[in-house]
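Engineer: Let me give you the structure first, and then I'll get to my questions.
Quick note: the coordinates plus some simple rules give every number you see, no bench work behind them. Just so it is clear, the model here is predicted, and its values are computed rather than measured. Positions of Cβ are generated from backbone atoms using ideal geometry, with glycine treated the same way; all protein chains shown enter the neighbour counts.
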Amino acid sequence: MEQINKDGTRRELTNFNVQMIALGGAIGTGLFLGAGQTIHRTGPSILLVYLVVGLFFSVMMRAIGEMMYKDPSQHTFVAFIHQYLGADFGKFAEWSYWMTLILAGMAELIAIATYIRLWIPNVPAWLIEILILGILSIINLSIVRLFGKTESMLSIIKIIAIIALIFVGIWMIAVHHKNPVGTSAGLGNVTKDYTAFPHGFREFLNAFPMVFFSFEGMEFIGITTAETKNPRQVLPLAVKQVVFRILIFYIGALFVIMAITPWQQISQSSSPFVQVFQIAGMPAASQIINFVVIVAATSALNSAIFSSGRHLYQLAVESDSKFLSKLRHVSKSGIPSYAVLFSACLMLFGPVLSAFKALSAAFSLVASICGDIYILVCILTMIAHYRYRQSSDFMEDGFKMPAYKILNPLTIAFFSFVFITMFFNKENVIPAVGALIWLIVFLTVVKFRKIKESPDTIV
């Protein structure tokens, strides 16, 4: 039986779709292309970094899951910040997260065109970008079920690539495969000459933000709930399973890579996946991984269109603005179509900005700032969950986070620690300062507007 919400949106996503969307959101180009850089920073200790970050992300997912279980009608988990921390922080989180998704979509669109042009260099990048964005927009504007199937298919391709790497790696380790540089695959490569901080403690700290952002997208579970069949059955399963699967994929893949060849010999300028398959004697490795990277970027863009549309729709529902009221439209197929279309159209500015060097640099800076704002949204989400547990809304027989009085503050402290570590890296310090400035300016403007509209009200 078809499940239709009061606002006209439809619950058509299955447990499998939700699992694949969450896996696909968190397994992106960062793993396939950027893993070499994270390994280079800390060596085998990177496994510990992934484990720690992954466990704290699992706590946040339990927090999001608990709130969404209580109210599965919400189209975004960020709505709970609005509900439990007030409209000021709520608007900051909703607008900031929406902006982050738009900029992420722009970046993925540019990446897709870049990697496709390695095969067809004579086709203009802008044409590729318009075609890809058009196809994905049509998918997102049709029916939720089609989006779920498309995203599941894209995620499966990424997962197959990781599983293939792990199985090839296990075979190479089992037969002590001889590498071109004279070393042999073996578990001893992981522990040989081990030091916790091979490039110093600061590089170890710098690995935390990189790994943190590699898990970004896992929270998409908290955006699909309002359009998921039987959410109170699906949500607990998805939250419990997806975190550990991602940890297995990340830690398993990185462990195998470092076992095949000593980590000191892994290049940080090229994909470690390509390096491993080439060592295994697969000359077409770079072409295969190029295809997987295109799939990963397409999956991320597809999710960005879906998520940004739902966030903008949520903002429109909560706003009294005449302009935003037009974005409350829900199509006959249950899609907040105007919000999705508006968000997708904004992503077209990515290719335009990338065409101009000065604007491209500005775009990169703004994208970095938005990335750092994501940490602030995560912190606010955890605070909102703590407030929820203290409120009369608390659902005693719901999907509860265990030991929230301990785990919730610990997670807030850890996310704060990750944000602070960015000030120890000259590449991250300006975006981190920019994120704080954005928070202060946004809240100041909101307060000023309140005073202007109600001068007799003491705020």
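Engineer: What ranking do SER392, SER152, SER308 get, fewest neighbouring Cβ atoms within 10 angstrom at the top?
Structural biologist: By the 10 Å Cβ count, ascending, the order reads SER392, SER152, SER308.
Engineer: Still on this structure, please answer the following. Taking just the alpha-carbon atoms of region 280-330, what radius of gyration and Dmax come out, in angstrom?
Structural biologist: Computed over the Cα atoms of region 280-330, radius of gyration and Dmax are 19.3, 61 Å.
Engineer: Take the alpha-carbon centre of region 306-353, take the same for region 375-406, and report the distance between them in whole Å.
Structural biologist: 28 Å
Engineer: Hey, got the dipole for region 363-454? About the Cα centre, +1 on K and R Cβ, -1 on D and E Cβ, debye to the nearest 20?
Structural biologist: 300 debye
Engineer: Decide, for the chain, between rounded, prolate and oblate: order the square roots of the alpha carbon gyration tensor eigenvalues as a ≥ b ≥ c, take rounded if a/c falls under 1.5, and otherwise choose prolate if a/b is larger than b/c, else oblate. Numbers along the way, then the final one.
Structural biologist: Values: a/c = 1.58, a/b = 1.44, b/c = 1.10.
In terms of gyration-tensor shape, prolate.
Engineer: Can you tell me the equivalent ellipsoid semi-axes for region 210-288? Use √(5λ) from the Cα gyration tensor, largest first, whole Å.
Structural biologist: 34, 13, 12
Engineer: Given R₀ = 45 Å, what would the calculated FRET efficiency be for PHE16 paired with GLU318, taking r from the Cβ atoms and rounding to 0.05? Please list the in-between numbers first.
Structural biologist: Details: r = 31 Å, r/R0 = 0.69.
So, using R0 = 45 Å, E works out to roughly 0.90.
Engineer: As a check on your grasp of the helix formula, calculate [θ] at 222 nm for the chain: sum -39500 (n - 2.57) over DSSP H runs of n ≥ 4, divide by the residue count, round to the nearest 500.
Structural biologist: The per-residue figure over the chain is -24500 deg cm²/dmol.
Engineer: Hey, another quick one. To the nearest 10 degrees, how steep is helix 29-42 against the longest Cα principal axis of the chain, on a 0 to 90 scale?
Structural biologist: That works out to roughly 60 degrees.
Engineer: Could you work out how far apart the two model spin labels at LEU55 and ASP71 are, taking each label as a point 7 Å from the Cα in the direction of the beta carbon, and quote it in nm?
Structural biologist: 3.2 nm
Engineer: Roughly how many Å is it from the Cα centre of region 265-282 to that of region 72-112, as a whole number?
Structural biologist: One Cα centre to the other: 36 Å.
Engineer: For ARG10, list long-range residues whose amide hydrogen, built 1.01 Å from N in the peptide plane, is under 5 Å from its own amide hydrogen.
Structural biologist: The answer is ASN5.
Engineer: Follow-up. Extension gain SER270-GLN37, at 0.36 nm per residue separation less the Cα-Cα distance, in nm?
Structural biologist: So the chain would gain 83.0 nm between SER270 and GLN37.
Engineer: Summing +1 for each Lys or Arg and -1 for each Asp or Glu, what net charge is found among the other residues whose Cβ lies under 13 Å from the Cβ of GLY148?
Structural biologist: Surrounding charge for GLY148 is +2.
Engineer: Can you pull out the chymotrypsin sites (Phe, Trp or Tyr not before Pro) in region 254-359 whose DSSP state is coil and whose Cβ has at most 12 other Cβ atoms within 10 Å?
Structural biologist: PHE356
Engineer: Give me the one-decimal nm value for the distance between modelled label points at PHE448 and SER416, 7 Å along each residue's Cα-to-Cβ direction.
Structural biologist: Going by the 7 Å Cα→Cβ label model, 2.8 nm.
Engineer: Could you tell me how many degrees, from 0 to 90 and to the nearest 10, lie between the Cα long axis of helix 231-260 and the main elongation axis, the longest principal axis, of the Cα atoms of the chain?
Structural biologist: Taking Cα atoms only, the helix is inclined about 30 degrees.
Engineer: With charges set only on the Cβ (+1 for Lys and Arg, -1 for Asp and Glu), what does the dipole of the chain come to about its Cα centre, in debye to the nearest 20? Spell out each step's value before the answer.
Structural biologist: Numbers: 33 positive and 24 negative charges, 41 e Å.
In debye, rounded to 20, the chain gives about 200.
Engineer: When ranked by the protection proxy of mean other Cβ atoms within 10 Å per residue, highest first, what sequence do the peptides 111-120, 76-85, 203-212 form?
Structural biologist: Details: 111-120: 17.5, 76-85: 24.5, 203-212: 21.0.
Answer by packing, highest mean first, reads 76-85, 203-212, 111-120.
Engineer: Return the distance in nm (one decimal) between the two label points of a simple spin-label model at VAL175 and GLN390, each offset 7 Å from Cα along Cα→Cβ.
Structural biologist: About 6.1 nm, to one decimal.
Engineer: Between ARG232 and LEU436, what length in nm is gained on full extension when 0.36 nm per residue of separation is reduced by their alpha carbon distance?
Structural biologist: Details: separation 204, 0.36 × 204 = 73.44 nm, distance 3.63 nm.
Extra length available between ARG232 and LEU436 comes to 69.8 nm.
Engineer: Sticking with this one: Excluding PRO198 itself, calculate the net charge of residues whose Cβ lies under 13 Å from the Cβ of PRO198, where each Lys or Arg counts +1 and each Asp or Glu counts -1.
Structural biologist: Working: positive: ARG41, LYS192, ARG202; negative: ASP193, GLU203.
Once all neighbours under 13 Å are counted, the net charge is +1.
Engineer: Same structure again: Which residues in region 241-269 have a backbone N closer than 11 Å to a point placed 7 Å from the Cα of ARG202 along the Cα-to-Cβ line?
Structural biologist: Once the point is set 7 Å along Cα→Cβ of ARG202, nothing inside region 241-269 turns out to lie under 11 Å by backbone N.
Engineer: Treating the angle as unsigned and between 0 and 90°, give the value, to the nearest 10°, between the Cα long axis of helix 46-70 and the longest Cα principal axis of the chain.
Structural biologist: Helix 46-70 and the main axis of the chain meet at about 30 degrees.
Engineer: Grab the other residues whose beta carbon is less than 11 angstrom from that of HIS82, score K and R as +1, D and E as -1, and report the net.
Structural biologist: Cβ neighbours under 11 Å give a net charge of -2.
Engineer: Using 0.36 nm times the number of residues separating PHE423 and LYS405, minus their current alpha carbon distance, what extension gain do you get?
Structural biologist: Value of the extension gain: 3.6 nm.
Engineer: With unit charges on the beta carbon (Lys/Arg positive, Asp/Glu negative), name the residue among PHE147, GLY281, GLY30 whose Cα is farthest towards the positive pole of the charge dipole of the chain.
Structural biologist: Going by the Cα projections, it comes out as PHE147.
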